[in-house]
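The values are calculated or read from the model by the stated rules, or taken from the named source; none is laboratory data. Owing to the predicted nature of the structure, the values given are computational and were not obtained by experimental measurement. Here the Cβ is made from the backbone with ideal geometry for all residues, glycine too, and neighbour counts use every protein chain on show. Side chains included, ligands, DNA and RNA excluded: accessible areas come from the protein's heavy atoms. Shrake-Rupley method; radii C 1.70, N 1.55, O 1.52, S 1.80 Å.
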Amino acid sequence: MELQFLGGASEVGSLGLVVRDQGRTLLFDYGMTPTDPPSYPRPAPTHVDAVFLSHAHLDHSGMMPLLSRLAHAEIVATPVTIALTDLLAKDTLKIARLEGYLPPYAPGDIHSLHSKFTAIDRKGTFRRKGIEVELTPAGHIPGATMYRFRGEKDLLFSGDVQTLGTQLVGPAQPVQCDVLVLESTYAGREHPDRKETERRFRDRVAETIERGGKAIVPAFAVGRAQEVLLSLAHSGFEVYLDGMARNVNHIFAASPEYLADPKKFHRAMESVHLVESAGMRRHVIRDADVIVTTGGMLDGGPVLHYIGELHRDANSSIFLTGYQVEGSNGRQLMDDGTLTIDEVTVRPACDVEKFDFSAHAGHSDLVKLVQQSGAKTVVLMHGDQREKLAAALEGTVQVLVPQNGERLVV
Ligand SMILES: [Zn+2]
């Protein structure tokens, strides 16, 4: 069995893994890196028998529309992932237009993608052309799945994985395999206790409101915004939601079997005010206690409007809830207290604090997942500090740390 990463081996972005086994070629994920400008993985092989998409985040799904040009390949994903991928692909073209990038695919490719998708429900199995691949929930975000390929050896592709349940989605369970291809986003790092983080987050929001300010909470549209809203449910705050997360809520609500607690999700989303138009934003500034909005790294989206309006208010707060990539506005805000809006650099007077709402397994949870899988070989991917996880696993299993393009035989 031969493995080759088209991207995403040593970085968190642009993931693509080609697996060749007994004359068949499979592709797991094909993403992009939504930086400014975006970057893309190496080209996919011209013949692929089947494509398996783990979940909808752009670093895994971003190049799917381009695969609609492959003649024979079916693309397997859960129904939730299929709906979200369509939404994000259209948004990617919109951003390319607004920012002046050359788009990686055409609108027609998104359209053609519909006929390429094969929806398989959680815990289902794909069987075609002698290929057998089983789905098993990955935690992380609703619809996220791991894939076990029953080839010459049993290979498990983790996608992004979270082994602790959150308010939004249940935990991933360990799966037996021979070869485990494992994400390493949090190699060498542990998360603080989630319940404690959520309590501290609510306390900081309450303090902001008590002193007469408003809390701006930038959040990624898929998963993170909903985790934040669930954590604020029943707090009694006036919570407003702006940006693409509104559409994501509808997709999640339509697939209750993918949620940790559909009733709780439904109640939490009912209590949120939706910002339906740009004209409403004036009222939001007046009436809201908390504004949850995209983009999560402050590089675009309605969040810049709200920060533009409120950055002089020392009573207000900006609470970051996700990873802030090098070069992003969010990272600039954390590192030197400034951010750039419409080419003007401002220094917000607001409180700025970051909370760890991560949807990835921490270092010890990854080690535990390896031990429970019974894998003899572990291939580490999707991480910029993989050597820390490799060191922790050394001596217990064979650990491989490939580079992009390298061909591995397992
Ligand atoms: Zn992800």
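When only alpha carbons are used to place a centre, the stretch 394-410 and the stretch 1-51 end up 16 Å from one another.
Rounded to the nearest percent, how much of the accessible area of the chain (1.4 Å probe, protein heavy atoms only) is carbon and sulfur?
50 percent
The listed residues 196, 343, 227, 132 rank as 343, 196, 132, 227 when sorted by accessible area, largest first, using a 1.4 Å probe.
Ligands, DNA and RNA aside, residue 341 has an accessible area near 30 Å² when probed at 1.4 Å.
Evaluated over the stretch 194-354, the count of Lys pairs having alpha-carbon atoms less than 21 Å apart is 4 (only pairs 8 or more residues apart or interchain). Accessible surface comparison of 319, 220, probe 1.4 Å, protein chains only, largest first: the order is 220, 319. Full extension of the chain between residue 385 and residue 99 gives 99.9 nm of extra length, using 0.36 nm per residue less the Cα-Cα distance. Long hydrophobic helices in the chain: the complete DSSP H runs spanning 18 Å or more by Cα along their own axis with mean Kyte-Doolittle hydropathy of at least -1.0 are 79-99.
Counting only DSSP beta bridges with both residues in the stretch 194-354, the antiparallel share comes to about 15 percent. Placing a label point 7 Å from the Cα of residue 118 along the Cα-to-Cβ direction, the residues of the stretch 83-106 whose backbone N falls under 18 Å from that point are 83.
Could you state the number of Å between the C-alpha centres of the stretch 227-284 and the stretch 135-167? If you average the Cα positions of each part, the centres end up 26 Å apart.
Listed by chain and number, the lysines whose alpha-carbon sits under 26 Å from that of residue 116, ignoring those within fewer than 8 places in the same chain, are 90, 94, 129.
Relative to the Cα centre, the charge distribution of the chain, modelled as +1 at Lys and Arg Cβ and -1 at Asp and Glu Cβ, gives a dipole magnitude of about 800 debye. A crude spin-label estimate for the pair residue 200 and residue 42, with each label 7 Å from Cα along the Cβ direction, gives 4.2 nm.
Between residue 397 and residue 193, the simple spin-label model (points 7 angstrom out along Cα→Cβ) gives 2.9 nm.
Since only 308, 272, 296 are under comparison, the one whose Cα sits farthest along the positive direction of the charge dipole of the stretch 256-310, derived from C-beta charges on Lys, Arg, Asp and Glu, is 272.
Helices in the chain, meaning DSSP H runs of at least 4 residues, each add -39500 (n - 2.57). Divided by all residues, the mean residue ellipticity at 222 nm is -9000 deg cm²/dmol. On a per residue basis, the stretch 194-354 carries 45 Å² of accessible surface, using protein heavy atoms and a 1.4 Å probe. The antiparallel fraction among DSSP beta bridges confined to the chain stands at about 45%. Placing +1 on the Cβ of every Lys and Arg and -1 on the Cβ of every Asp and Glu, with no other charges, gives the stretch 194-354 a dipole of roughly 340 debye about its Cα centre.
Annotation: the antiparallel percentage among DSSP beta bridges lying fully within the stretch 117-231 is about 80. When the surface is traced with a 1.4 Å probe over the full set of protein chains, residue 396 keeps roughly 100 Å² accessible.
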